[in-house]
C-alpha cells in the first residue's frame, strides 16, 4: 500500500519541477533583455547574469549552513553543497545539454531534410570553444586548489577563503570586458513575457520578471530538495546517500532547466556559458565561505566527489581541445555521475 506522505512528497516533487521549468523559461527571457539593457555581450549574459541568478540559491544555502549553523552536521551540509554543486554541473548538467543537442539534431534532420545539422550536433552554435576551454581550465585550477586544501590543516587556512572571492571577482571583471555588447551581437530575443505586446519592454518590467522568477526558482528548489530528502528514507536510501547523491542534482535543477530551454531555442552557446559560469561561482563563492567558517577537512565521500569532478573536467577539456566537443561526447559526461554513485554507496553502507 502506498503511503499518503510518500504520495504527497511525489506530488510536491513533480509540482516543483514544473514550477522550476516554467520559471526558468521566464527567467532566461528576462535575463536576455537585462543583458540588452546593460549592454552586456551574449556570452556574458550566460556566464555572469544567468549563472549568478541560478547559483544564488545554492550560495545562500551554503552561507546559512556554514555561518549560522549551530552544529558540525549543519556545517558539513554547507561543505557538501560546495562540493556537490560543481560535480553535478560537470557531469549531469553537461550530460543533459548533450542529450538535448542530440535530440534537436534528430528533429532538424527529420523535420527539415534540406537543412544539414551542424558539426556540434545540430543544437545551434556552441560559440567559441577555445574560450569555453579556457574558462574550464581556470575552473579546474581553482577546483584542484580547493580539493587540496581539504586534505591539509594549518593555522592560516581560513584566510585563503578570501582568495576564492577575489578569484571570482577577477573572473567577473574579465567576462564583462571580454564580451562587451556590440552592433554585431544582436540576439533573437522573444518579447518579454510580462509585456508580450511591447517591442521594447520597460526596464521595471524586465527587472520585476527576473527577480520574481528567481524567487520562485529559489523557493521551488528548496521544496524539491526537502521532499527529496524525505522520500529517500521512505524508499530505503540512507540520508547520507540522499544528501550527497540526489540533493546536488536537485539544487542544480535551475542550471539544467536553463540548458534545456536554451538548446531548444538554438542558443546552445548560452546554455554552455550558463553552466561554465555557474561552475565558476560554485568553485569560488561557496568554497570561500566554507574555508572561512569551517575546518574544511574532507572525508572519503567528499574526496571522491572532488576526484570524480576533476576526471570529468579532464574528459571535457580533452573533447574541447581535440575538436570532439559534440552532443554525443557531452552526453557521456553524465556517466561520471553514475561512477560517483557506484563508488559512493559502498563507502556509506
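Structure values in brief
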quantity: Using alpha-carbon coordinates, inclination of helix 72-88 to the longest axis of the chain, degrees; calculated: 40
quantity: Global geometry of the chain, whether rounded, prolate or oblate, following the gyration tensor of its Cα atoms and the 1.5 cut on a/c; calculated: rounded
quantity: Prolate/oblate/rounded label for segment 263-317 (Cα gyration tensor, a/c 1.5); calculated: oblate
quantity: Angle in degrees between helix 335-348 and the longest Cα principal axis of the chain, rounded to the nearest 10; calculated: 10
quantity: FRET efficiency, residue 235 to residue 199 (Cβ-Cβ, R0 51 Å, nearest 0.05); calculated: 0.50
quantity: Segment residue 188-residue 14, length gained on full extension (0.36 nm per residue, minus Cα span); calculated: 59.5 nm
quantity: Rounded to 10°, Cα long-axis angle of helix 94-111 versus longest principal axis of the chain; calculated: 30
quantity: Debye log10 I(q)/I(0) at q = 0.14, 0.21, 0.22, 0.29 Å⁻¹ for segment 307-349, Cα point scatterers; calculated: -0.37, -0.67, -0.71, -0.98
quantity: Share of alpha-carbon pairs per 5 Å distance bin for segment 195-276, given as whole %; calculated: 3, 13, 16, 15, 19, 14, 9, 6, 3, 2, 1
quantity: Among 139-151, 284-296, the order from most to least packed when residues are scored by Cβ within 10 Å on average; calculated: 284-296, 139-151
quantity: Helix-only CD estimate at 222 nm, as mean residue ellipticity for the chain, using -39500 (n - 2.57) per DSSP H run (n ≥ 4); calculated: -24000 deg cm²/dmol
quantity: Cα shape, segment 231-289, gyration tensor, a/c 1.5 rule; calculated: oblate
quantity: Diffusion constant of segment 129-180 at 4 °C, which comes from Stokes-Einstein with the Kirkwood Cα-pair radius and 1.567 mPa s, µm²/s; calculated: 104
quantity: Protection proxy ranking, peptides 192-204, 331-343, average beta carbon neighbours within 10 Å, highest first; calculated: 331-343, 192-204
quantity: Peptides ranked, highest mean first, by Cβ atoms within 10 Å: ranges 159-168, 311-320; calculated: 311-320, 159-168
quantity: Mean shadow area of segment 201-349 over all directions, Cα convex hull, nm²; calculated: 11.6
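Throughout, read-outs are computed from the coordinates displayed, never taken from laboratory work. Fair warning: this is a prediction, and the values are worked out from it, not measured in the lab. For neighbour counting, all protein chains shown are included, and Cβ atoms are generated from backbone atoms with ideal geometry for every residue, glycine included.
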